[in-house]
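One structure is given below, encoded as structure tokens.
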Amino acid sequence: MLHEILKLDKYPNVSLVGAGGKTTLINKLTESLRKKKKILVSSTTTFIKPEITMYDFMDYAYHKDYDLGSINRPGIYIIGKGKNLEDLVFGLSTDDIENLADGFDHTIIECDFSNGRPLKGFRDHEPKIPSTTDITIGVLDIQSLGLVVNAANIHHLDKYLELTGSSIGSLVTIGHLAKIVNDKMALFKNAVGKKVLYINKVEKEMDEALALNLFETIDLSDIDLVIEGSLIEDRYFVLYEKQY
């Protein structure tokens, strides 16, 4: 199972960045742990309010007026600080998460926002990652290859154009994805703890070939673990591991 590959018993506090499967990855990890572990799920930005079956406790107006650490029941605890009319929940500050972490077996935190798009550029102010993080997982969608470079497919399009040197109307390439991983101011900017690259949506032979092609272009000197797989098919394969 994915939580075993990630060694979450050893690395209980997880932060996620990138695009193309963060929410699904959070759901996959929490579902595998919720019966036995107490899990804090939140964000340092905003996140979409999940379906009621996806959590055991929710407070989207948290004001520190009670002790979350005193609640000992296992399950998924979703905590935020308000929501808007579009049902986007406002996340917590990194200080809040760091203060709450000791009261949970695991924290799983979304640290940037991609607005449901398969790719994104990276603003100067993001991501905001708690110092308690044990592993930072960067999510990359292999099926984004060949998509048209435009605002419908890419969140923060201007920053993506700046990073990749591409133009509106061109197609997403292996080179673009490699820059997202390799550039120090992109996917793993501000990363804390071990760095894990997860190449998502590897579901067909072509996806497998493209994932391996991408892997060959990645600078592994500062990455601890590379996984390819499919959250839909619940299938994962370790491409690289360095003292993880």
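The values are calculated or read from the model by the stated rules, or taken from the named source; none is laboratory data. All of these numbers come straight from a predicted model, not from anything done at the bench. Every residue, glycine as well, gets a Cβ built from its backbone with ideal geometry; the counts of neighbours run over all protein chains shown.
Please work out which residue is surrounded by the most Cβ atoms within 10 Å (Cβ to Cβ), limiting yourself to region 74-98 and to residues that are more than 21 Å from the chain's Cα centre (by Cα) and either at pLDDT below 95 or assigned to a helix (DSSP H, G or I) (or both).
Narrowing region 74-98 to residues more than 21 Å from the chain's Cα centre (by Cα): 74, 82, 84-86.
Retained after the next criterion (residues that are either at pLDDT below 95 or assigned to a helix (DSSP H, G or I) (or both)): 82, 84-86.
Details: GLY82: 13, ASN84: 9, LEU85: 5, GLU86: 8.
In this case the residue turns out to be GLY82.
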*Can you name the condition, by its number, that LYS37 falls short on among (1) at negative phi; (2) surrounded by fewer than 17 Cβ atoms within 10 Å (Cβ to Cβ); (3) charged (D, E, K, R)?*
(2)
*Can you find even one residue in region 194-214 that is closer than 15 Å to VAL17 by Cβ and free of Cβ contacts under 8 Å to residues at least 40 places away in the same chain?*
no
*Would you mind finding the one in LEU145, LEU161 that is touching a residue at least 60 places away in the same chain (Cβ under 8 Å) and of a type in the set (A, V, I, L, M, F, W, C)?*
LEU145
*Considering only residues that are in a strand (DSSP E or B) and hydroxyl-bearing (Ser, Thr, Tyr), look in region 200-244 and name the one that is nearest to the chain's Cα centre (by Cα).*
SER230
*Output for region 70-95, where each listed residue is within 18 Å of THR30 (Cα to Cα) and in contact with an Asp or Glu (Cβ under 9 Å, 6 or more places away or on another chain)*: ARG73, PRO74, GLY75, ILE76, TYR77, ILE78, ILE79, GLY80, GLY91
*Could you run through region 123-166 and say how many residues are within 19 Å of LEU197 (Cβ to Cβ) and either of a type in the set (Gly, Ala, Ser) or touching a His at 6+ places or on another chain (Cβ under 7 Å) (or both)?*
3
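Here are MET54, MET58: which of them is free of Cβ contacts under 8 Å to residues at least 24 places away in the same chain and either of a type in the set (S, T, N, Q) or surrounded by 13 or more Cβ atoms within 10 Å (Cβ to Cβ) (or both)?
On the way: MET54 fails: free of Cβ contacts under 8 Å to residues at least 24 places away in the same chain.
Going through MET54, MET58 in turn, the sole match is MET58.
Rundown of residues vs (1) touching a strand residue (DSSP E or B) at 6+ places or on another chain (Cβ under 9 Å); (2) at pLDDT 95 or above; (3) aliphatic (A, V, I, L, M), yes/no style:
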| position | (1), (2), (3) |
| --- | --- |
| HIS106 | yes, yes, no |
| GLU110 | yes, yes, no |
| PRO118 | yes, yes, no |
| ASP124 | no, no, no |
| ALA152 | no, yes, yes |
